[in-house]
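Note sheet for the following structure.
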Amino acid sequence: MRGCTTLLAGREATRDGSVMAAFNSDGGTASWLVRRPRAVHADGDAIPVYRDWRGGRRDVAGSIPQVPETAQVLATDYLPAVNEHGVGIVLNACRGRFDLNRDPTSSLSHFQLLQIGLERARTAREAIRCMGVLVEEHGFLDAGPFPTGKNVGIIDGREAWWMEIPGGHQWVAVRVPDDAVSGNANRFWLGELDPDDGENVMRSEGLVSCAAERGWHDPRAKRGFDFTSAYGDADWGDIPSGRRVYSTLREWRIASLVCGEVLPAPLQGVEWSGPHVVVPRDRLDLSAVFRIMRDHYEGTAFDTRRPENGGDPNGCPHPPFRIPTPYPRPIDMFNTQMSYVIQSRAAGAKSSSVLWFAVHSPSTGCYVPFHPEATRLHPAYGTGDQSEGAFWKQFTLNLLIRQDWRGLAGRARAAYDRLEEEWMADLSGDDRWAARGAQDGTPAGEALAEASDRAAEAALEACSRLTHDARAFLAETMMRETLDELPVPSKEQDR
């Protein structure tokens, strides 16, 4: 999770008036979708709190009373994404104070925290309040191999928020302006804020006092409360995240693409002073968001297709994986396990929310529309099985494309772009969004499932065709190169 990139866009920053959230998860493992249906619970039901990592249950640390009814949630294999009310979540791992991730009174993982929040919320603010209360009561603990805090992007059809949870029992959330776009790349950056701004800031009750008690904030100082300075990674002993191009370069790129100009680029070891919240030159549509999540700094000094930036002779823009990496770290990676864009609309709109989901690297893949109200999932997108899962089919195609990026990547992009454009036109904001089957009496949830099935089948068919053509192309190229390397017979040999 320490390699993820996220983006939020307010409703006045998008062309169709939806609120959008985008997420590249670079965990390097297979990914698929999971549907968790709406459920009714009995009085006295409780949720066990596990100290877990990626759903691997460990010891039970407590329990949370269950609510009478929970919403349907469309999730990935390990993290929730969006619920039936259009409340969506994206996630970034961020380095925070070591002490907060060793708090013995904390027990709640982000896996459970985000799931409970989406099950209970009808708005982004409700999700934040729900999760905030749970963090304050149970404490946040990342029990994984890289203990970190979390930056959570939370949207509904009206608002977008960043919620930052450094560990322990503290948290803060800040609203993104409706006309703005904001990106995050593995660091806390909310910075100086007004803890008493109830309209645009939400926080734990002890946020400021806890920092003051530990010596992380001086309440007598003239400057206001700075969340990043107080709860950031000042005790890691190396370059802070705000000075590491590993994070700041991706945020610079998002801001530059959104505002339509190349902003001053960050430098390693120097605090980046660029904007984290940008008003776009032109309102974003889905295609623009897709392009951002597929980006490799094309056309800049950091273009990862270039050999000095890790590109190979075939033009593949995915630098070799090294720790620490000497190359620019792009938004799209060879080990991106999945990418999604949530498109959420206000309650009462004619159209429902959509999760545009791409397995593996989005630069060689396809964003397929899935609906959080649907009654089922396409089987290939609902499994991680190596013989049946969509991830592994796309993984195979990606490996082939990387053998000759210049010869094959454009073909895949053209084929998948045509499908995405067709689906975007079909789901362009009219009554077909949520009432596909109304004319023949099909329930809306089933009609939406059928629509996603058709899209998934088209994506899988395109993947199969592209894989076949890529194999044939590479075989022909290999044969041609082999023939070119054979010695030319002399006349004496001909005799």
### Message
Here is a check on your reading of the model: is Arg305 touching a Gly at 6+ places or on another chain (Cβ under 9 Å), of a type in the set (Lys, Arg), buried (at least 20 other Cβ atoms within 10 Å of the Cβ) and under 21 Å from Ser247 (Cβ atoms)?
### Response
no
### Task
Those residues that are assigned to a helix (DSSP H, G or I) and either over 23 Å from Asn24 (Cβ atoms) or among the basic types (Lys, Arg) (or both), I need them from the stretch 223-255; list them, please.
Phe227, Ser229, Ala230, Tyr231, Arg243, Arg250, Arg253
### Message
So Ala265 ticks every box in (1) in contact with an Asp or Glu (Cβ under 8 Å, 6 or more places away or on another chain); (2) among the small types (Gly, Ala, Ser); (3) crowded, with 17+ Cβ neighbours inside 10 Å; (4) within 30 Å of Pro328 (Cβ to Cβ) but one. Which box is left unticked?
### Response
(1)
### Task
Residues being assigned to a helix (DSSP H, G or I) and over 19 Å from the mean Cα position of the chain (by Cα): count how many of those fall in the stretch 369-403.
12
### Summary
Residue set Leu263, Leu249; condition touching a residue at least 40 places away in the same chain (Cβ under 8 Å) and out of contact with any strand residue (DSSP E or B) (no Cβ under 7 Å at 6 or more places or on another chain); output residue Leu249
### Message
Considering only the stretch 41-57, I want to know if a residue exists there that is more than 22 Å from Val133 (Cβ to Cβ), in contact with a strand residue (DSSP E or B) (Cβ under 6 Å, 6 or more places away or on another chain) and part of a loop (DSSP other than H, G, I, E, B).
### Response
yes
### Task
Output the residue which, of all residues in the stretch 181-198 that are outside any strand (DSSP E or B) and either farther than 21 Å from Cys4 by Cα or outside the structural domain of Thr148 (by TED's automatic domain parsing) (or both), is farthest from the chain's Cα centre (by Cα).
Asp196
### Task
Sort out which residues of the stretch 404-417 are within 23 Å of the chain's Cα centre (by Cα) and either crowded, with 19+ Cβ neighbours inside 10 Å or farther than 18 Å from Ser339 by Cα (or both), and write them in order of number.
Ala409, Ala412, Tyr416
### Message
Looking only at the stretch 60-116, filter to residues that are assigned to a loop (DSSP other than H, G, I, E, B) and among the acidic types (Asp, Glu); which one of those is surrounded by the fewest Cβ atoms within 10 Å (Cβ to Cβ)?
### Response
Asp103
### Query
Quick one: would you say Val278 is within 13 Å of Ile254 (Cα to Cα) and in contact with a Ser or Thr (Cβ under 8 Å, 6 or more places away or on another chain)?
yes
### Message
Pairs please, first residue from the stretch 62-79 and closer than 14 Å to Tyr340 by Cα, second anywhere and of a type in the set (Val, Ile, Thr) and assigned to a strand (DSSP E or B), Cβ atoms under 6 Å, 6+ apart in sequence or on different chains.
### Response
Leu74/Val82; Ala75/Val34
### Task
Looking only at the stretch 329-352, decide whether some residue is of a type in the set (A, V, I, L, M, F, W, C) and touching a Cys at 6+ places or on another chain (Cβ under 6 Å).
no
### Task
Mind listing just one residue for me: the one in the stretch 350-407 that is without any contact (Cβ under 8 Å) to a residue 60 or more places away in the chain and charged (D, E, K, R) and, of those, farthest from Ala470 (Cα to Cα)?
Asp385
### Query
Does the stretch 244-251 contain at least one residue that is out of contact with any helix residue (DSSP H, G or I) (no Cβ under 9 Å at 6 or more places or on another chain) and among the small types (Gly, Ala, Ser)?
no
### Task
Mind listing whichever residues of the stretch 3-32 are over 18 Å from Thr364 (Cα atoms), within 14 Å of the chain's Cα centre (by Cα) and not β-branched (Val, Ile, Thr)?
Gly3, Leu7, Leu8, Ala9, Met20, Ala21
### Query
Taking the stated definitions as given, is Thr123 crowded, with 18+ Cβ neighbours inside 10 Å and without any contact (Cβ under 8 Å) to a residue 40 or more places away in the chain?
yes
### Message
Suppose the filter is farther than 23 Å from Gln337 by Cβ and touching a strand residue (DSSP E or B) at 6+ places or on another chain (Cβ under 6 Å); does Asp303 pass it?
### Response
no
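The values are calculated or read from the model by the stated rules, or taken from the named source; none is laboratory data. Predicted model, so just to flag it, every value in this text is computed and none were measured. Cβ: placed from backbone, ideal geometry, glycine included. Neighbour counts: every protein chain shown.
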